[in-house]
Amino acid sequence: MFPRAVIALGLMLGLSTPLVAQDQPLTMLESGLQVQGWEAVGRIDIGTRGHCTGALISEKLVLTAAHCLFDKDTGARATDSELLFRAGFRGGRAAAEGRVIRSVVHPRYNPDGGTGLENVSHDLALLELTHPIRNMGVVPFAVYSEPRSGDQVGVVSYARGRLEAPALQERCQVLDRDRTGVLMMTCSVDFGASGAPVFGLTQGRPHIVSVVSAMGTGTVGGVSRDVSLGVSLGPRLDELRAALDARDRRFVQPAAQSDQPRSMSAGGGARFMRP
């Protein structure tokens with residue numbers, strides 16, 4: 001069955017920006033040599049229900065999409081104990097694994113808010129791991145400001161049909177940045193790629209500039225084609241870090257007590273309704 005933790009977004013975009021560079025095809029990172037340098041990108045297993053993609057931005061923090069934490073059918077938020085981050089996962093093995101002690105969704109993300117650009121623009125979440133990942137081969141990525149229209153970016157993701165190894169699209173293009181902060185890109189994504197890091201390069205070193213939130217269709221250069229949507233970072237990521245540091249019970253699920261059942265909602269008065 002198709003993973004229920006990942007939602008399909010069929011947003012129609014009226015884009016007319018011409019392409020100025022040819023996108024690169026996806027390359028599977030199946031060998032140790034191919035995956036080298038990308039090990040901090042990992043598959044997020046959400047119980048037995050589905051998968052998303054995430055990336056380490058510190059030894060204990062994984063950046064991903066907020067909608068990954070909500071069940072598509074019931075609207076229930078996944079408990080932190082259901083989440084497993086598998087860094088550099090390929091061929092049944094991970095370079096490192098980490099359980100989640102706390103997770104936080106952006107305060108302005110509404111799981112009942114649909115696929116409007118305002119809601120997509122806040123589709124961010126942070127996962128705090130129980131223990132830091134200090135494997136020498138797994139180096140967290142720096143986070144920079146989002147790119148501008150016309151910039152070339154890349155994406156590393158897991159997705160339908162390629163859940164056993166990540167795939168790299170070394171070059172795709174930013175078409176536009178909406179007033180809400182949503183990036184519209186030509187990058188190739190599919191179910192499971194939600195939360196995947198979008199990379200820019202500075203002096204040959206990759207850094208995260210956005211997170212994949214959705215896929216849709218748009219008219220690009222007079223031709224209808226698939227497009228992907230990414231979330232701007234900057235202040236949004238700062239808000240996530242602050243909520244996590246403050247252990248804000250409206251948006252953070254506290255660690256479970258061994259003698260108490262886990263709560264399926266965030267508590268503290270926030271409402272997380274069925275998407």
Requested in this report: Being part of a loop (DSSP other than H, G, I, E, B) and among the aliphatic types (A, V, I, L, M) is the filter here, so list the residues in region 65-102 that pass it.
Outcome: A65, A76, A78, A94, A95
Query - Residue list for region 123-136, filter: surrounded by 15 or more Cβ atoms within 10 Å (Cβ to Cβ) and either in contact with a Gly (Cβ under 6 Å, 6 or more places away or on another chain) or of a type in the set (D, E, K, R) (or both) - result: D123, E128, L129, I133
Query - Of residues in region 190-215 being part of a loop (DSSP other than H, G, I, E, B) and more than 20 Å from H51 (Cβ to Cβ), the one modelled with the highest pLDDT - result: G204
Report summary line: Note on region 218-275: residues among the small types (G, A, S) and either in contact with a helix residue (DSSP H, G or I) (Cβ under 7 Å, 6 or more places away or on another chain) or at pLDDT below 65 (or both) are A255, A256, S258, S263, S265, A266, G267, G268, G269, A270
Report summary line: Within region 142-160, of all residues that are assigned to a loop (DSSP other than H, G, I, E, B) and buried (at least 19 other Cβ atoms within 10 Å of the Cβ), the one modelled with the lowest pLDDT is E146
Report task. Give the residue, chosen from V139, V120, that is of a type in the set (A, V, I, L, M, F, W, C) and surrounded by 23 or more Cβ atoms within 10 Å (Cβ to Cβ). Result -> V120
Query raised in the report: In this structure, does L168 turn out to be in a strand (DSSP E or B), farther than 23 Å from L61 by Cβ, in contact (Cβ under 8 Å) with a residue 60 or more places away in the chain and touching a strand residue (DSSP E or B) at 6+ places or on another chain (Cβ under 7 Å)?
Result: no
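The values are calculated or read from the model by the stated rules, or taken from the named source; none is laboratory data. Remember, predicted model here, so these are calculated numbers, not experimental data. Ideal geometry is used to build each Cβ from the backbone, glycine not excepted, and the neighbour counts take in all protein chains shown.
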